[in-house]
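Peer 1: Pasting in a structure now, in C-alpha cells, and then I'll have a few things to ask.
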Amino acid sequence: MAETCMKELSHYGPSLCVKFYKNYVVSGYGPFIQIYDYHDNGKLIHKSKMFRKNKIHGLSVSSEGKLLVFGSRSVSVVDLDDDLINNDENVDAIRFEKLNSEWIINGEFSANGKFIYLLTSYNKVLICDLIGNVVSEKVLPGERSILYSGSIKVLSNDKVLINAGTVMGGVLIWDLSTESKIHNLLGHEGSIFHVTVSDNGELVASCSDDRSIRIWDIKLGKELCIGWGHTARIWNLKFFSNGTKLVSVSEDSTCRIWDLRSNNNETFELRLSQVHEAHLIKNVWGVDIQEEENLAVTSGNDGRIKLIDIKDYGDPSNEISFSMDDISEKSVIKFNKEEIIKGFHQFKFGLIAITSLGKIIKFDFETEVWQLISVYDKFVSYSSTNAIVKHNIIIFSNNKCDLLLLKFSSDGHDITVKQELHLDELSKTNNCLVEEFNEESLLVCLESPNPRDKFICLQINNETLTIVEKYSFTKPENFVSSCLEVFQHYILVGSRFATIAIFDKRNVDKSAYIIKRLNHGDTTTNIAYVECNEHQSHLFSVTNRDGYYNFISINFPSDCNGSITYKVIHSNKIMKGFLEGAFFNDKGEYITYGFKSSLFYIYNETHCYEIASQVCGGAHRQWKLFPCDSDEEEETQFTLIYIKASRLHLKRINKLSVPETLESGLHGREIRDVTILKEKSYNDEYIFCTGSEDTTLKLGQFNTVTGKVTNHWTERKHVSGLQRCKFISEKLMISSSAREELLLWEINDEFQSGPYITIRQTLPTSSDNPDLRIMDFDTIFLTNGLDFIVSTVYSDSGVKIWYYDHAKNIFKLLIEGRYSTVCILNTSLEIFRNQVWLFIATTDGQLITYNITDYIPFAVSKEEKSRLVAQSVMNEEIIGLPLPIGTMVVHQSGIKTMNIFQDDNNLKIYTGGDDNAIGIIVFKYDQTKGTIEGNITSFEKNAGSSTITSCVVFNHGKNLLSTSVDQIVRIWTVEDDILRLSEQKYTTCADTGAADIVTDKNDSNKLLIGGVGLSIWES
Amino acid sequence: MGKSSKDKRDLYYRKAKEQGYRARSAFKLLQLNDQFHFLDDTNLKRVVDLCAAPGSWSQVLSKKLFNDTTLEQQNERKIVAVDLQPMSPIDHVVTLQADITHPKTLKRILEIFGNEKADFVCSDGAPDVTGLHDLDEYVQQQLIMSALQLTTCILKEGGTFVAKIFRGRDIDMLYSQLGYLFENVVCAKPKSSRGTSLEAFIVCLGYKPPSNWKPRLDVDFSVEEFFSTCNLNKLQISDKLQDWHEEERKIAPFMSCGDLQSFDSDATYRLDDFKGDSILSLDPVQSPTNPPYKKALELKRSGKLTRAI
C-alpha cells in the first residue's frame, strides 16, 4: 500500500478537557492539544497532535510548566512552553506518546513535579518518572473493580489521596502511600461519574447517575449536603474560591455554579447560584475556573470551547431598581397611591418615564437623581412611549389621538422643543409606531381600531418637531400594526397574522403591497433592513413573536407605477420561546432576543449560544432592550429595562471582556449526512450542509486551504430521525427523516451577509400521523434544470416516484408500490442506454432493479442524455410499481451505502454493507433482451472491521472513498472493476457515518468526513 | 411513541410480549442458535448465563434445554444465571445475585455443577453508555473480558462462549485476543438486532486454552492482570510505559443470522402484514426498572429542577 497522502486540514469535534494556564486556555481537542490566547481575541496560538489515535481525556500542568496529557491508554509528558507554545507549528509532539496496558482515568504530577501518578480504571496507581519508567505500583487490596471515574489529589509529597468512583455507588477514598482505605462514602445510587477533593483536602464532592452532587467531610467520612438541579448526568466537578464554591457540568448541556454554605460548620447547604446554557443538545465534558478574572471555560461534545463570565451573572451592581416610593424618596415628586409607571425610554443622559397620572419624570444617569419634568393630564391612564434616541426626542401618545413630542438637550437638562399634536382624522388611536425617516425627519404611524379609518403616517422634522407631511393610507384587511421599518420611499409595517404591508409615500392612493402569512406565527415583531445585492434586491430580516424568522428579498420598482416583487429566501424557527427581534452584530452574526417563559434572553443564532438571560417576569410585562453604541469602548452591551412587581428595573448586560467562544463548534450529536454544494464556490469557499442525530441541518462554508468552517444557519424543521441531506442542483437541496418528512430546500448565495436557505416545498405524507422513515431519495432533472423526478424509499418497504413541477411548486405522485416488508435503505435513479432505471437496496442485503421508462410520462432527452423531457400528457392516475427486472443478494445484511458511476459502456454500483464488505456490481446492457444485467465483479469481504457507512466515487471513477465505523477512511483504486486498497488513514470522528468529496479549481480533492464531529481532509 | 405504534415499528418487541419473553433480546439468542445450533446439541448439559437480568436469555435456555427433552437429559441439565441485579425466578434456572469477577461466584457455580465444567457460557450484558465512544467501547470490552475470565475458569475445552459486542473502533483487537483462546471466532448479527445499532455478537467456538495456563480468579487482580499470565499478545505488564505501537488486529468473519422469514427489525410494518395475527396491543411483560435517577425524575416532575434560580 502506498504512503498515505490524505492530509487533515481541520477538525471540529468533542473536546473533553480544558484548563487555564497563564494567559491561555489549554484544551484537549480530540487527539490534539489546542492552546488559545483568550486575551488576544481567542487566537489559537498552538495546535499539536499528541496521540496517534486516542482522544485526550484529561490534562494536568505542573508548577514547573510540564504538561501531562492522558486519554484511553495513552499518556504523554511535554514541556508546555518549550515543546509547545514557543515552538513552531510542526512540533512532533506525537513522539512522546506512551501506552499503558489499562485505561488511564486520571493523572497528576507529584508535589515536587518529578513524578506522575496515573490512576487506571482498575483502581491501580502507577508512579512514573517523567520519561515513563514505572517507579512503583499502588493498589487498594480487594478493591479492583472497574471504575468510571476517579481523581488524584496531591496534598504534599507524602500525602496523596486517591478518589475512586465505583460503578456501584460507592466513592472510595484511599491513601496512596499506605495503600489503605480512608472511607467508602455511601449514599449515591448508580455509577459515580466524578469525584474531586478540595485544595485543603477537607471536602469531597461527588456526582453519580442519580444526578445529585454530594459534599462529604473527609475527616468524618460523612455526607454534609446534597445538591439537586441538573436534569441529566453530571460529568465534571471542581471546587474553587477556597472550597466555598463548586462548578459542575452535565449532559443537560449546562454549566452550573453552586455555593457551599455552612451554619457554624454544623449544617451545610449546597445552593445553586448560576445556570449557564453553555453547549448544544447534550454533553459538557470539561470545565475549569480562572478565579482572578471570574471566568469559567467549558468544553463539550459539540466541539465548542466556551468562556463564561461567572461574576456578572446576578451581580447586583449591574442592576438598579426603583419602586414608586424609591423614586419619591430620591426626589420631591409625590405619587398617588395607585400611580404606576406606564412607559419609559432610555437616552444617553438618562431615562424618561411617564406615569399613569401623566407625570413625566427623568432619571439622570450621571447624578442618579429623579426629577419631575411635567404633568400632562391628557396622558392619564393610557399612554405609549416611543423615541428617537439619536436626536433626543421622546414621543408620547394616548388613545384619544393626542401626541406629545419633546426634544431634550444632549445633556438632558433642558427641553429644547415641545410640540403637542392632535389628529382629527381618527376617532381613537390604539397604536403608535416611531422610526427614523431620514437625516432630517422621523416618522410616526398611528392606527385606530376602526378598520375603515386610515393608517396615518406623520413625517416630523427632527429639529422643529413640526409635521413636514402627513400620509393617509387605506388600511389593508385584517391589519393590526405591530412594528415599523422605513426604507427609501417605503414604509414597511409589520402586522398580526405574520403579515407585512408596504406603503409607498409617493403614492398614498395606491393600496399597500401585502406580504401575507410569512409563517405559522401571529404578530410580526421586527423588520430590519440588511443589505442590497448587485441585482438591486433588498434584504430584510423579519421576526415573529411565535419564534419564526424570515429573510425577504424585495425588489422595489424603478418608478412608482411598477410593482414590488419579493421572495422569502430564508425561513427558520428559534429553538424555543418567543422572538421579539433580531439583528446582525458587527461580526456578521445573527443575534435574536425574546422570552422563554419568565426569562428574557439574547442569543447568538449563528453559533447557537446564549449571550445573556434575565429573569424578568415574561413578555406581557413592560420591557425594552437598548443596545449600546458599538463604536464606543463601553463595557455595557445592552440595557434591559423592565417592570416587575411594580418596580422599575434597569439591568446592564455587559460585554464579555474575552471572546464568548474559542471554538464555536458544530452539532451536539452525531453527523448523519454531509453534502457539499459542488457546482460553484461562494467567496472562494464551498457551501456545505450537515444533518445530525440532533435533528438539525447546519449550513456553513469551508475554506479549501485551511479547512476552516464558518457557520451560518441551524435549520430546525425536522423533528426526528434525520436520515439524509443532499444538494441536487446548485440551488436545491433535499433532506429526509422519520415521520415521513422530505423537505426541498432552496439556497440563495446572492448576498454578502451569507448564504440563505428556505424550504421551497414539503413532500406530502401518506397519513396525518406519519410513522414511516424516508430512508433515501434520488433525482433526475428535466432539461429545464428546474423540474425533476424523485424516488423515495421507506422503512415499510414502500417505493414512490414523484414529479416536481418547479413553476407550480408541487410534488405529484407518479408511481407507488411496495417491494416486500423489509426496510429499504438506499435508492438511485439512473438514465442508462436511453432508459430510466430505479435501484433500491435493502436491510437484508439485496439490490433490486426496476425499469421505469414506460411508467413515467417522460422520455430521455436526445440532446442531454442525462436528463428527461416531458413526453405524454400527465394524467392524474397513480401507477403501481412495476415488477423488478432483477434482484440480487449482494451483502449478508443491510446495504448501508450505494454510489453509482457510469462510463461509456457500463453502469457500476458500489455498495457498502453492515457486513464489513464493499461490492462492485457492473450492469451491462443486453441488446437482444433490451435490458440490463448485473454482475458482482468485486466483493471485498473485509473492507473494514466494522460497518461500511459511506462510499463516494471520485477521480472520474478511478477511486472510491469509504468510511467505516472502525474509524478508518480508505481510498480504493478501481481497475478493471476490481477494488484495490490504495491508502487508509485513521479519523478521530467516532461513529464515522458520512462523507462527501469536492474537487476544487486546483484539482485537489477535499474530503468532508462526518461522525461525532467533522474533519476536512485533502487528497 | 404509543404502545401500538411501537408494536408496528418493532415486531420483535411485539413478539416478545406475545411469547412471554422478558425482553426482545430473546430472539437474538434464538436466531444465533438457528445459525450455530449450539443449544440443539443433545450432549449439552451445563450452561451459564452471565449478566442475565432481566432474564430473557435464561428463558430461552430454559425452553431449549427442558422443553421436548427426555427426562434423562433433563436430570443432567443445569442452567445458572448470574447478575448483580435481582431477577425473578425462571423454571429450571438457578439464579445467583453475584459479581461475576468474584472467586466466590465461581465456587458457587461449580458447586451447582457438581464440580463439572460448563459446556456453554453466554453474556448479553452491556454497561450504561456515556456518549464517549472510546470509553463506552472500552468498558464494553472489559465487561466481555470479565465474563471471559470467569468463562476460562469454568468452560470445558471445546466449549462455546457467546457475548454481546459493539462493533466500534477497536473491535478487531478483541477478535484478535479471542482468537488466542478459541478455535473459531465469528461476528454474528441476528436479524432481530437493529441494523442501525452497532450491536452484534461474538460466537467463540472450540475453547482451547494454552496448555500450561492455569486461570485463577483473584479479587486483587484486574482483568488485565488476570490475562497477563496467558499471552494474549497485547496483555503484558512491564516496568516501563511502552512506546506506542499498533496492536494486533484481526477481522472476524461476519455472519448474518435468522432466516429469510425473520422479521426485519429496521422495518415499519403495516397492520395487514400480520396476516390474521391478533393486532391487539399487549402490555409489556417486564415492568419498568428502578433507575438510580428516580428521585431526580420525581423532582423534575414536581418542577423542582428548573433553569431559574
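Peer 1: Can you tell me which residues in segment A:207-244 are within 16 Å of A:Asp288 (Cα to Cα) and within 14 Å of chain B (Cβ to nearest Cβ)?
Peer 2: To start, the set of residues in segment A:207-244 that are within 16 Å of A:Asp288 (Cα to Cα) comprises A:234-244.
Listed by number, the residues that qualify are A:Ile234, A:Trp235, A:Asn236.
Peer 1: Further question on the same structure: Could you tell me whether any residue of segment A:848-870 is touching a residue at least 12 places away in the same chain (Cβ under 8 Å), within 14 Å of another protein chain (Cβ to nearest Cβ), surrounded by fewer than 23 Cβ atoms within 10 Å (Cβ to Cβ) and in contact with a Gly (Cβ under 8 Å, 6 or more places away or on another chain)?
Peer 2: no
Peer 1: Just checking, does segment A:159-180 include any residue being within 14 Å of chain B (Cβ to nearest Cβ), closer than 26 Å to B:Lys240 by Cβ and not in a strand (DSSP E or B)?
Peer 2: Yes - at least one qualifying residue is present in segment A:159-180.
Peer 1: Among the residues of segment B:120-151, which ones are aliphatic (A, V, I, L, M) and under 18 Å from A:Ile192 (Cα atoms)?
Peer 2: Step one: list which residues in segment B:120-151 are aliphatic (A, V, I, L, M), which gives B:121, B:126, B:129, B:132, B:135, B:139, B:143-145, B:147-148, B:150.
Selection gives B:Ala126, B:Val129, B:Leu132, B:Leu135, B:Val139, B:Leu143.
Peer 1: Moving to a separate point now. Which of the residues spanning segment A:733-787 are of a type in the set (D, E, K, R) and without any contact (Cβ under 8 Å) to a residue 12 or more places away in the chain? I'd like the intermediate steps shown before the answer.
Peer 2: Just the residues of segment A:733-787 that are of a type in the set (D, E, K, R), to begin with: A:739-741, A:746, A:749-750, A:760, A:768, A:771, A:773, A:776, A:778, A:787.
Answer for segment A:733-787, where residues must be of a type in the set (D, E, K, R) and without any contact (Cβ under 8 Å) to a residue 12 or more places away in the chain: just A:Asp768.
Peer 1: Does segment B:98-127 hold any residues that are free of Cβ contacts under 8 Å to residues at least 24 places away in the same chain, outside any helix (DSSP H, G or I), within 14 Å of another protein chain (Cβ to nearest Cβ) and closer than 18 Å to B:Ile154 by Cα, and which are they?
Peer 2: B:Ala98, B:Asp99
Peer 1: Now, a different point. Answer with yes or no whether B:Phe274 is at pLDDT below 85, more than 9 Å from chain A (Cβ to nearest Cβ) and surrounded by 14 or more Cβ atoms within 10 Å (Cβ to Cβ).
Peer 2: yes
Peer 1: Just to be sure before I move on: is A:Met874 under 27 Å from A:Asn784 (Cβ atoms) and either of a type in the set (Gly, Ala, Ser) or surrounded by fewer than 18 Cβ atoms within 10 Å (Cβ to Cβ) (or both) in the structure I sent?
Peer 2: Working: under 27 Å from A:Asn784 (Cβ atoms): yes; either of a type in the set (Gly, Ala, Ser) or surrounded by fewer than 18 Cβ atoms within 10 Å (Cβ to Cβ) (or both): yes.
The answer is yes for A:Met874.
Peer 1: List every residue pair whose Cβ atoms lie under 6 Å apart, where the two residues are 6 or more positions apart in sequence or sit on different chains, the first residue falls within segment B:209-221 and is more than 14 Å from chain A (Cβ to nearest Cβ), and the second residue, located anywhere, is part of a loop (DSSP other than H, G, I, E, B) and modelled with pLDDT under 90.
Peer 2: B:Pro210/B:Cys230; B:Trp213/B:Cys230
Peer 1: For segment B:244-264, enumerate the residues that are part of a loop (DSSP other than H, G, I, E, B), of a type in the set (Gly, Ala, Ser) and in contact with a Lys or Arg (Cβ under 6 Å, 6 or more places away or on another chain). Steps first, please.
Peer 2: So in segment B:244-264, the residues part of a loop (DSSP other than H, G, I, E, B) come out as B:244-253, B:258-264.
Checking the rest, the ones that are also of a type in the set (Gly, Ala, Ser) come to B:252, B:258, B:262.
Passing the criteria: B:Gly258, B:Ser262.
Peer 1: Could you check segment A:1-66 for strands (runs of 3 or more DSSP E) lying wholly inside it with 1 or more residues that are crowded, with 20+ Cβ neighbours inside 10 Å and in contact (Cβ under 8 Å) with a residue 60 or more places away in the chain? Walk me through it before giving the result.
Peer 2: On the way: elements: A:7-12, A:15-21, A:24-29, A:32-37, A:43-49, A:58-61.
Ranges flagged: A:7-12, A:15-21, A:24-29, A:32-37.
Peer 1: While we're here: From the list A:Val204, A:Val247, pick out the single residue that is more than 9 Å from chain B (Cβ to nearest Cβ), buried (at least 17 other Cβ atoms within 10 Å of the Cβ) and under 31 Å from the mean Cα position of the chain (by Cα).
Peer 2: When all the criteria are applied, what remains is A:Val247.
Peer 1: What are the residues in segment A:239-270 that are in contact with a Phe, Trp or Tyr (Cβ under 9 Å, 6 or more places away or on another chain) and closer than 29 Å to A:Asn604 by Cα, if any? Outline the logic, then answer.
Peer 2: First, pick out the residues of segment A:239-270 that are in contact with a Phe, Trp or Tyr (Cβ under 9 Å, 6 or more places away or on another chain): A:245-251, A:257, A:260-262, A:270.
Passing the criteria: A:Lys245, A:Leu246, A:Val247, A:Ser248, A:Val249, A:Ser250, A:Glu251, A:Ile257.
Peer 1: Next question. Those residues that are out of contact with any Asp or Glu (no Cβ under 6 Å at 6 or more places or on another chain) and crowded, with 17+ Cβ neighbours inside 10 Å, I need them from segment A:207-234; list them, please. Spell out the reasoning first.
Peer 2: Looking only at segment A:207-234, we keep the residues that are out of contact with any Asp or Glu (no Cβ under 6 Å at 6 or more places or on another chain), and these are A:207-209, A:211-213, A:215, A:217, A:219-223, A:226-229, A:234.
Once the filter is applied, which keeps residues that are out of contact with any Asp or Glu (no Cβ under 6 Å at 6 or more places or on another chain) and crowded, with 17+ Cβ neighbours inside 10 Å, segment A:207-234 yields A:Cys207, A:Ser208, A:Asp209, A:Arg211, A:Ser212, A:Ile213, A:Ile215, A:Glu223, A:Gly227, A:Trp228, A:Gly229, A:Ile234.
Peer 1: Given the structure, is A:Ser72 over 15 Å from B:Leu135 (Cα atoms), surrounded by 20 or more Cβ atoms within 10 Å (Cβ to Cβ) and either hydrophobic (A, V, I, L, M, F, W, C) or touching a helix residue (DSSP H, G or I) at 6+ places or on another chain (Cβ under 6 Å) (or both)? So that I can check it myself, show each step before the final result.
Peer 2: Working: over 15 Å from B:Leu135 (Cα atoms): no; surrounded by 20 or more Cβ atoms within 10 Å (Cβ to Cβ): yes; either hydrophobic (A, V, I, L, M, F, W, C) or touching a helix residue (DSSP H, G or I) at 6+ places or on another chain (Cβ under 6 Å) (or both): yes.
Criteria not met by A:Ser72.
Peer 1: Out of (1) aromatic (Phe, Trp, Tyr); (2) surrounded by fewer than 20 Cβ atoms within 10 Å (Cβ to Cβ); (3) under 27 Å from the mean Cα position of the chain (by Cα), what's the single condition that is false for A:Phe487?
Peer 2: (3)
Peer 1: Please enumerate the residues belonging to segment A:946-967 that are closer than 14 Å to A:Leu981 by Cα and in a loop (DSSP other than H, G, I, E, B).
Peer 2: A:Lys958
Peer 1: Touching a residue at least 12 places away in the same chain (Cβ under 8 Å), within 14 Å of another protein chain (Cβ to nearest Cβ) and more than 26 Å from A:Gly71 (Cβ to Cβ): which single residue out of A:Leu186, A:Leu130, A:Leu140, A:Leu126 fits that description?
Peer 2: Details: A:Leu130 fails: more than 26 Å from A:Gly71 (Cβ to Cβ); A:Leu140 fails: more than 26 Å from A:Gly71 (Cβ to Cβ); A:Leu126 fails: more than 26 Å from A:Gly71 (Cβ to Cβ).
Step by step, each of A:Leu186, A:Leu130, A:Leu140, A:Leu126 is checked, and only A:Leu186 is touching a residue at least 12 places away in the same chain (Cβ under 8 Å), within 14 Å of another protein chain (Cβ to nearest Cβ) and more than 26 Å from A:Gly71 (Cβ to Cβ).
Peer 1: Is it the case that segment B:143-160 has a residue that's touching a Cys at 6+ places or on another chain (Cβ under 9 Å), within 9 Å of chain A (Cβ to nearest Cβ) and not in a helix (DSSP H, G or I)?
Peer 2: no
Peer 1: Please go through segment A:888-945 and give me each residue that is among the hydrophobic types (A, V, I, L, M, F, W, C) and free of Cβ contacts under 8 Å to residues at least 40 places away in the same chain, ordered by number. Let's see the steps before the verdict.
Peer 2: Our first condition is that a residue be among the hydrophobic types (A, V, I, L, M, F, W, C); within segment A:888-945, this holds for A:888-890, A:895, A:898, A:900-901, A:907, A:909, A:917-918, A:920-923, A:932, A:936, A:939, A:943.
Once the filter is applied, which keeps residues that are among the hydrophobic types (A, V, I, L, M, F, W, C) and free of Cβ contacts under 8 Å to residues at least 40 places away in the same chain, segment A:888-945 yields A:Ala917, A:Ala943.
Peer 1: While we're on this one: Condition first: under 23 Å from B:Asn43 (Cβ atoms) and in contact with a strand residue (DSSP E or B) (Cβ under 9 Å, 6 or more places away or on another chain). Now tell me which residues in segment B:83-109 satisfy that.
Peer 2: Within segment B:83-109, B:Ile90, B:His92, B:Val93, B:Val94, B:Ile109 meet the criteria.
Peer 1: Taking the condition of being within 14 Å of chain B (Cβ to nearest Cβ), out of contact with any strand residue (DSSP E or B) (no Cβ under 7 Å at 6 or more places or on another chain) and free of Cβ contacts under 8 Å to residues at least 60 places away in the same chain, how many residues in segment A:572-616 meet it?
Peer 2: Result for segment A:572-616: 2.
Peer 1: If only one of A:Val69, A:Val91, A:Val78 is part of a strand (DSSP E or B), more than 30 Å from A:Ile192 (Cβ to Cβ) and not acidic (Asp, Glu), which one is it? Break it down stepwise before answering.
Peer 2: On the way: A:Val69 fails: more than 30 Å from A:Ile192 (Cβ to Cβ); A:Val91 fails: part of a strand (DSSP E or B).
Only one candidate passes the filter, namely A:Val78.
Peer 1: Any idea how many residues of segment A:292-349 are part of a helix (DSSP H, G or I) and charged (D, E, K, R)? Give the derivation first.
Peer 2: First pass over segment A:292-349, keeping only residues part of a helix (DSSP H, G or I): A:316-318, A:324-329.
If we keep only those that are charged (D, E, K, R) too, we end up with A:325-326, A:329.
Looking only at that region, the number is 3.
Peer 1: Any residue in segment A:819-837 that is acidic (Asp, Glu) sitting within a Cβ distance under 8 Å of a residue that is assigned to a strand (DSSP E or B) and modelled with pLDDT under 95? List the pairs, counting only those 6 or more apart or interchain.
Peer 2: Qualifying pairs under 8 Å: A:Glu830/A:Gln902.
Peer 1: Here's a follow-up. Would you check if there is a residue in segment A:791-798 being more than 24 Å from B:Asp272 (Cβ to Cβ) and of a type in the set (A, V, I, L, M, F, W, C)?
Peer 2: The answer is no; no qualifying residue exists.
Peer 1: If we keep just the residues of segment A:580-619 that are within 16 Å of the chain's Cα centre (by Cα) and assigned to a loop (DSSP other than H, G, I, E, B), which is nearest to A:Glu277 (Cα to Cα)?
Peer 2: The qualifying residue nearest to A:Glu277 (Cα to Cα) is A:Cys608.
Peer 1: Determine, yes or no, whether B:Ser211 is at pLDDT below 95 and either buried (at least 22 other Cβ atoms within 10 Å of the Cβ) or among the aliphatic types (A, V, I, L, M) (or both). Please lay out each step first, then the result.
Peer 2: Values: at pLDDT below 95: yes; either buried (at least 22 other Cβ atoms within 10 Å of the Cβ) or among the aliphatic types (A, V, I, L, M) (or both): no.
Here the answer is no, as B:Ser211 does not meet what is asked.
The values are calculated or read from the model by the stated rules, or taken from the named source; none is laboratory data. The structure displayed is predicted, hence computed values, not measured ones. When we count neighbours, we look across all protein chains shown, and the Cβ atoms used for this are built from the backbone with ideal geometry, even at glycine.
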